[in-house]
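The values are calculated or read from the model by the stated rules, or taken from the named source; none is laboratory data. The structure presented is a predicted model; accordingly, all values stated were derived computationally and were not measured. Cβ atoms come from the backbone with ideal geometry, glycine included; neighbour counts cover every protein chain shown. These accessible areas exclude ligands, DNA and RNA; they are computed on the full protein's heavy atoms, side chains included. Shrake-Rupley method; radii C 1.70, N 1.55, O 1.52, S 1.80 Å.
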There are 2 protein chains.
Amino acid sequence: MSGLKTLVLEASDIATLVDKVGIHRLMDDVIGATVTAIRDYDPSVAQVPPRSGVHYLKPEWGLIEAMPAHFGRSGTTVKLVGYHPANPVSYNVPSVVASLAVFDSVTGHLVGFLDGTFLTALRTGAASAVASKFLAAPDSRTIGIIGCGAQAVTQLHALARCFEIDRVIAYDRDPGVSASLPARIGFLGLEVEVVDSDQVTGLLERSDVLCTCTSSAPGDGPIFEDFSNRSHLHINAIGSDFRGKIELPFALLKRSVVCPDFHAQAIAEGDCQQLEEAMIGPDLKAVIQDESAHAQLRDELTVFDSTGWALEDHVSALIVLDYARELGLGRDLNFECLPPDPKNPYSFLTL
Amino acid sequence: MSGLKTLVLEASDIATLVDKVGIHRLMDDVIGATVTAIRDYDPSVAQVPPRSGVHYLKPEWGLIEAMPAHFGRSGTTVKLVGYHPANPVSYNVPSVVASLAVFDSVTGHLVGFLDGTFLTALRTGAASAVASKFLAAPDSRTIGIIGCGAQAVTQLHALARCFEIDRVIAYDRDPGVSASLPARIGFLGLEVEVVDSDQVTGLLERSDVLCTCTSSAPGDGPIFEDFSNRSHLHINAIGSDFRGKIELPFALLKRSVVCPDFHAQAIAEGDCQQLEEAMIGPDLKAVIQDESAHAQLRDELTVFDSTGWALEDHVSALIVLDYARELGLGRDLNFECLPPDPKNPYSFLTL
């Protein structure tokens with residue numbers, strides 16, 4: 001048996017890790033490492049194909065997809081992610097459940113395996129903060145949020161790490177969900193104003209940064225009507241991640257600079273589904289890699305079309321595995337059946 | 001925290017499991033369950049998309065792919081498989097290293113996670129045995145094998161469970177590899193005749209069933225010249241599983257009935273790459289689901305083009321997880337960070 005070990009983390013290991021590292025430092029690390037990874041992204045080394053998998057209507061409507069991302073010597077991460085929208089109501093389980101497998105790209109050895117549910121939430125927030133750092137006015141103080149479910153928590157957490165937020169204006173079509181948001185983000189100490197459907201126009205007019213994180217079904221969007229022009233609004237469109245599912249009105253997209261996280265995926269699943277190629281702006285990588293050329297976008301109407309990029313998962317997984325090793329968390333398992341004789345797959349057995 | 005557990009098996013758990021169950025019974029179970037799964041395969045429920053992933057030349061030539069397979073209520077299995085051909089020589093690790101993630105398809109919960117290296121070897125042997133049961137003469141007694149590496153072990157094991165084998169004739173272009181085969185399959189008690197390159201024609205003429213399991217690089221094939229017609233030879237072409245990589249001569253394929261394991265994948269990666277659509281025969285599913293219509297194939301020249309079908313991985317993973325539960329092997333981990341409040345991804349933490 002080779003001495004190759006696989007570090008497996010349990011939920012309690014991740015909870016302990018966050019307790020020791022601190023949720024703010026972890027978010028800051030993910031935001032910082034995401035910017036670095038995007039700035040250093042080299043298409044001659046990195047490979048991030050669009051996700052693929054199985055989509056089904058029975059036994060419940062759902063999908064399980066694999067999101068692979070290869071970054072040369074820093075390894076290959078595959079996120080396995082399930083989306084089962086009936087989960088919260090029928091099974092008291094989040095709609096998104098995920099796991100992360102990190103491979104050594106020299107041998108394909110599995111070096112780490114950990115939950116990706118928490119990190120998907122965290123990195124989705126971090127991605128919006130990264131986009132907002134490059135696309136929103138630096139003095140943005142009012143954050144509007146439409147859709148106050150699980151994603152709202154990490155959106156606000158990440159933005160609060162990068163902006164001096166005075167006020168959050170929150171709307172959800174389910175008043176019970178918006179009403180519970182202040183308690184869920186209590187650890188951030190932000191002023192939260194919960195509004196009803198009559199006040200959505202005001203929310204749109206008063207926000208410096210807007211996050212849309214809804215779970216409306218394909219065909220239901222857009223989630224609001226177009227509204228009067230704004231000079232420097234930045235929108236993070238988070239919730240659109242399904243064929244046929246959109247959040248923003250076409251007229252608004254048309255007069256915005258729309259930056260997808262990952263072009264090929266955004267045109268298949270994001271709000272970019274609504275746009276012709278020529279109407280889609282630079283992707284996040286282009287913006288970050290040539291920051292000065294895109295600095296004026298901070299004064300314009302911009303949309304970050306976030307569909308979830310495996311680069312973000314890779315970065316987050318490496319950070320957590322590093323902390324786990326440093327703190328001695330998790331179990332080093334002899335997971336793989338690596339035979340002492342590579343020409344005999346049974347040689348790890350006693351036959 | 002929800003009570004959903006993930007059963008994680010280590011290599012030692014799988015070794016103990018094989019010790020208790022017996023390698024022959026396990027192989028018989030996988031062969032039997034594969035036939036049943038193929039016979040019951042219902043395309044209105046099952047979904048097995050072709051594998052996809054990342055392929056790279058640095059830091060070593062390799063790939064990591066995801067192979068998802070959804071079978072309705074019986075769940076969804078994703079195999080994550082790496083192929084790094086430098087492994088055996090440079091790192092003393094098998095070229096194929098894999099892991100298997102089994103999901104509940106109601107919620108997307110990860111029910112089990114286990115090594116797939118050993119099971120990939122086992123199920124690849126089982127698939128050839130299944131194909132041979134339906135495509136080879138039932139009284140086949142002489143097995144030819146070209147390519148005597150790791151795959152040869154499970155090919156011969158599986159065939160020995162289904163046929164009364166008198167003799168194995170084995171050739172490898174590396175004489176050291178063929179010379180070590182008899183010891184590696186000693187547990188089967190078969191008569192093995194190792195031949196050199198001069199005797200390959202004889203091997204081809206004397207075999208009732210031939211297995212080709214070579215790892216020649218894309219562009220190198222075919223691995224032998226076409227040979228005189230045979231009345232009832234069945235060939236399992238195992239080694240071709242890469243774009244541009246082929247094993248069998250075109251002329252031979254042309255006068256054979258070529259049955260792919262999985263049509264869409266075989267035309268991309270298998271020996272079917274050489275064929276036009278009209279020259280490809282029924283897939284294994286068609287043969288098994290209408291056995292009587294295809295019974296005459298056992299007297300003909302047939303080729304099973306095996307590229308590896310995720311159905312086989314799903315079937316094997318379920319068998320092993322069932323035995324592990326029965327025998328109390330492995331660890332039931334609280335792996336997923338499932339928050340008590342699905343609307344708050346941080347609610348499993350103490351903030």
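Checking the conditions here, which among A:S95, A:S90, A:S99 is farther than 24 Å from A:A286 by Cβ, touching a strand residue (DSSP E or B) at 6+ places or on another chain (Cβ under 7 Å), polar (S, T, N, Q) and open to solvent by 10 Å² or more (accessible area, probe 1.4 Å)?
Only one candidate qualifies: A:S95.
Restricting the search to the stretch A:72-82, which residues are more than 7 Å from chain B (Cβ to nearest Cβ) and at pLDDT below 95?
A:S74
Of the residues A:Y41, A:Y56, which is touching a Leu at 6+ places or on another chain (Cβ under 9 Å) and more than 7 Å from chain B (Cβ to nearest Cβ)?
The unique qualifying residue is A:Y41.
Taking helices (runs of 4 or more DSSP H) that do not extend beyond the stretch A:142-216, which have at least 2 residues that are at pLDDT 95 or above and within 14 Å of another protein chain (Cβ to nearest Cβ)?
A:150-162, A:175-184
Identify all residues within the stretch A:189-202 that are open to solvent by 30 Å² or more (accessible area, probe 1.4 Å) and in contact (Cβ under 8 Å) with a residue 24 or more places away in the chain; write none if there are none.
Correct list: A:L190, A:E191, A:V192, A:E193, A:V194, A:D196, A:S197, A:Q199, A:T201.
What number of residues in the stretch A:56-77 are β-branched (V, I, T) and in contact with a helix residue (DSSP H, G or I) (Cβ under 6 Å, 6 or more places away or on another chain)?
The total comes to 1.
What are the pairs with Cβ atoms under 9 angstrom where one residue, in the stretch B:119-133, is farther than 17 Å from B:L100 by Cβ and the other, located anywhere, is outside any helix (DSSP H, G or I) and among the aromatic types (F, W, Y)? Sequence gap at least six, or different chains.
These pairs meet every condition: B:S128/B:F304; B:A129/B:F163; B:V130/B:F304; B:A131/B:F304; B:S132/B:F163; B:S132/B:F304; B:K133/B:F163.
If you go through the stretch A:226-271, how many residues are out of contact with any Gly (no Cβ under 9 Å at 6 or more places or on another chain) and among the polar types (S, T, N, Q)?
Here the count works out to 4.
Restricting the search to the stretch A:312-337, which residues are within 12 Å of chain B (Cβ to nearest Cβ) and either out of contact with any Phe, Trp or Tyr (no Cβ under 7 Å at 6 or more places or on another chain) or surrounded by fewer than 19 Cβ atoms within 10 Å (Cβ to Cβ) (or both)?
Selection gives A:V320, A:G330, A:R331, A:D332, A:L333, A:N334, A:F335, A:E336.
Sort out which residues of the stretch B:110-145 are open to solvent by 10 Å² or more (accessible area, probe 1.4 Å) and β-branched (V, I, T), and write them in order of number.
Result: B:V111, B:T117, B:T120, B:T124, B:T142.
Taking B:V111, is it over 30 Å from B:D196 (Cα atoms), of a type outside the set (S, T, N, Q) and touching a Pro at 6+ places or on another chain (Cβ under 9 Å)?
When the stated conditions are applied, B:V111 does not pass them.
I'm trying to understand the selection: among the residues of the stretch B:22-47, which are open to solvent by less than 20 Å² (accessible area, probe 1.4 Å) and part of a helix (DSSP H, G or I)?
Within the stretch B:22-47, B:I23, B:L26, B:M27, B:V30, B:I31, B:T34, B:V35, B:I38 qualify.
Which residues, taken from the stretch B:1-21, are charged (D, E, K, R), part of a helix (DSSP H, G or I) and in contact (Cβ under 8 Å) with a residue 60 or more places away in the chain?
B:D13, B:K20
On the basis of being more than 18 Å from B:C213 (Cα to Cα) and of a type outside the set (G, A, S), does B:E269 make the cut?
no
Looking only at the stretch A:146-168, which residues are within 14 Å of B:P339 (Cβ to Cβ) and open to solvent by 10 Å² or more (accessible area, probe 1.4 Å)?
The answer is A:G149, A:A150, A:Q151.
In the stretch A:291-311, is there at least one residue being in contact with a helix residue (DSSP H, G or I) (Cβ under 6 Å, 6 or more places away or on another chain), within 14 Å of chain B (Cβ to nearest Cβ) and at pLDDT 95 or above?
Yes, there is a match, as at least one residue in the stretch A:291-311 is in contact with a helix residue (DSSP H, G or I) (Cβ under 6 Å, 6 or more places away or on another chain), within 14 Å of chain B (Cβ to nearest Cβ) and at pLDDT 95 or above.
If you go through the stretch B:158-183, how many residues are under 19 Å from the mean Cα position of the chain (by Cα) and over 17 Å from B:T212 (Cβ atoms)?
Counting residues in the stretch B:158-183 that are under 19 Å from the mean Cα position of the chain (by Cα) and over 17 Å from B:T212 (Cβ atoms) gives 4.
Which residues, taken from the stretch A:83-120, are more than 19 Å from the chain's Cα centre (by Cα), of a type in the set (S, T, N, Q) and not in a loop (DSSP other than H, G, I, E, B)?
Result: A:N87, A:S90.
Hey, can you tell me all the residues within the stretch B:255-283 that are of a type in the set (V, I, T) and modelled with pLDDT of 95 or more?
Result: B:V257, B:V258, B:I280.
Restricting attention to the stretch B:48-82, which residues are surrounded by fewer than 17 Cβ atoms within 10 Å (Cβ to Cβ) and in a strand (DSSP E or B)?
B:H55
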